[in-house]
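J.: Before I ask anything, let me first share the structure, which is written out below as structure tokens.
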Amino acid sequence: MNNDLIERYIYAVTRRLPSKLRSEVGEELRGLIDDMLADRCGELTPQDKDVRVVLTELGTPAEVAEKYTADSPKCLIGAPYYYTYTTVLKIVLCCVAFGIILASVIELLFGNNSVQWYSFLGTLALNLFSALCACFTFITLLFAVFYRKGIDLGRDNSLEDLPSVPNKKEKIGRASSAALIVFIILVALAFTIFPNIFVVFVNGEMLPIFNTEVMRSCWYILLIFAALGIIRECVKLIEDRYNFRVMVVCIVTNLLSIAMCFWWLLRDNLINPIFQSSILDIFPSDKEIVINMFSNFQYFLLFVITMALIIDTAEAVYRYFKYKNSCYSYK
């Protein structure tokens, strides 16, 4: 039987499950509902009230989804968050490990100081261990708060509150959110641990763009910036569509991120003074745009990041108001 309420119910259940199970569980639920309606109505055509009774007997979408997972409700992070938690955790840990190893190798190969191999391996191991532990702790605490505070995937525990099945434009691409998490982590690692990998070549020598000491002293600002970005993308992954909650989270986190950028990029001596004094020697005199950009590099970087965050916020607001009639909202 093709019924909008049934489709909304099945969607509310399957979106809580791993992607590989969604199609199979959806078909299974559809068949089960048809059988229950046939038993209830016999030869008669099922009415809307019959559908509501059957769906109520099945239980709330959260209860049905939990039957298809092995998670116990008495745990640190359970259904419906556990799948998203493990996905984000794998992405974060892999990116952190890859970024630290890659940046360490680049620094070893092109750095000015000669380092003994055992010193290099020891520093690499220490950086890996501390960074992975910090990331594991942050992601675990974030999802534990989501789970313990009951920040559910939507108020769809009653039939009246079931959201419609989103169309393609309304859905948030999981791949894009995952890619942004990867990008945020790699950028944060580069600026906090290895700011000296941003260099230009002058007469065969590498000249760092940033003042390494000043940049590393801003580590807490960059970590807050990265945490805000990860929270934003995690909420997008959880919600799976543009709605009121996604819009509010994007507005709040992006405004805070912009504030972090101003706090970080408007401080003095962030750019290597030797690099600033050598700009005319690095670039030809006829490249005025390039010279002006690098002469005010920190302001150029601030402009790019701010515009990206504004665009992301505008998209979330636009998508919500465009599709709000089919989205469930939170008051």
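The values are calculated or read from the model by the stated rules, or taken from the named source; none is laboratory data. None of the values given here were measured: they were computed from a predicted structure. We place every Cβ from the backbone using ideal geometry, glycine too, and count neighbours over all the protein chains shown.
Here's the yes/no breakdown for (1) in contact with a Cys (Cβ under 6 Å, 6 or more places away or on another chain); (2) farther than 20 Å from Ile258 by Cα; (3) of a type in the set (Asp, Glu); (4) touching a residue at least 60 places away in the same chain (Cβ under 8 Å):
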| residue | (1), (2), (3), (4) |
| --- | --- |
| Val187 | no, no, no, no |
| Pro195 | no, yes, no, no |
| Val199 | no, yes, no, yes |
| Glu213 | no, yes, yes, no |
| Arg216 | no, no, no, no |
| Tyr220 | no, no, no, no |
| Leu223 | no, no, no, no |
| Ala227 | no, no, no, yes |
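J.: State all residues of segment 150-177 that are modelled with pLDDT of 70 or more, under 27 Å from Ile224 (Cβ atoms) and surrounded by 16 or more Cβ atoms within 10 Å (Cβ to Cβ); if no residue qualifies, say none.
T.: If the condition is that a residue be modelled with pLDDT of 70 or more, under 27 Å from Ile224 (Cβ atoms) and surrounded by 16 or more Cβ atoms within 10 Å (Cβ to Cβ), then Ile172, Ser177 are the ones that fit.
J.: OK, next. Return the only residue of Leu44, Leu37, Leu32, Leu132 being at pLDDT 80 or above, farther than 30 Å from Phe201 by Cβ and in a loop (DSSP other than H, G, I, E, B).
T.: The conditions single out Leu44.
J.: Of the residues Phe244, Phe194, only one is more than 30 Å from Thr60 (Cβ to Cβ) and in contact with a helix residue (DSSP H, G or I) (Cβ under 8 Å, 6 or more places away or on another chain); which?
T.: Just a single option satisfies the conditions, and that option is Phe194.
Listed here are the residues, each with its yes/no results for (1) charged (D, E, K, R); (2) under 17 Å from Val165 (Cα atoms); (3) outside the structural domain of Pro166 (by TED's automatic domain parsing).
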| residue | (1), (2), (3) |
| --- | --- |
| Ala12 | no, yes, yes |
| Leu21 | no, no, yes |
| Arg30 | yes, yes, yes |
| Ile33 | no, no, yes |
| Cys41 | no, no, yes |
| Thr45 | no, no, yes |
| Asp48 | yes, no, yes |
| Val54 | no, no, yes |
| Gly59 | no, no, yes |
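J.: Taking segment 20-49 as the region of interest, how many residues are among the hydroxyl-bearing types (Ser, Thr, Tyr) and in contact (Cβ under 8 Å) with a residue 40 or more places away in the chain?
T.: Matching residues across segment 20-49 total 0.
J.: Right, here's the next one. Which of the residues spanning segment 234-266 are of a type outside the set (A, V, I, L, M, F, W, C) and at pLDDT 90 or above?
T.: Thr253, Asn254, Ser257
J.: Here is a list: Ile209, Ile291. Which entry is surrounded by 19 or more Cβ atoms within 10 Å (Cβ to Cβ) and at pLDDT below 85?
T.: From the options Ile209, Ile291, the qualifying one is Ile209.
J.: Separate question: Go through Arg8, Arg16, Arg52 for me and flag whichever is of a type in the set (D, E, K, R) and under 20 Å from Ala175 (Cβ atoms).
T.: It is Arg16.
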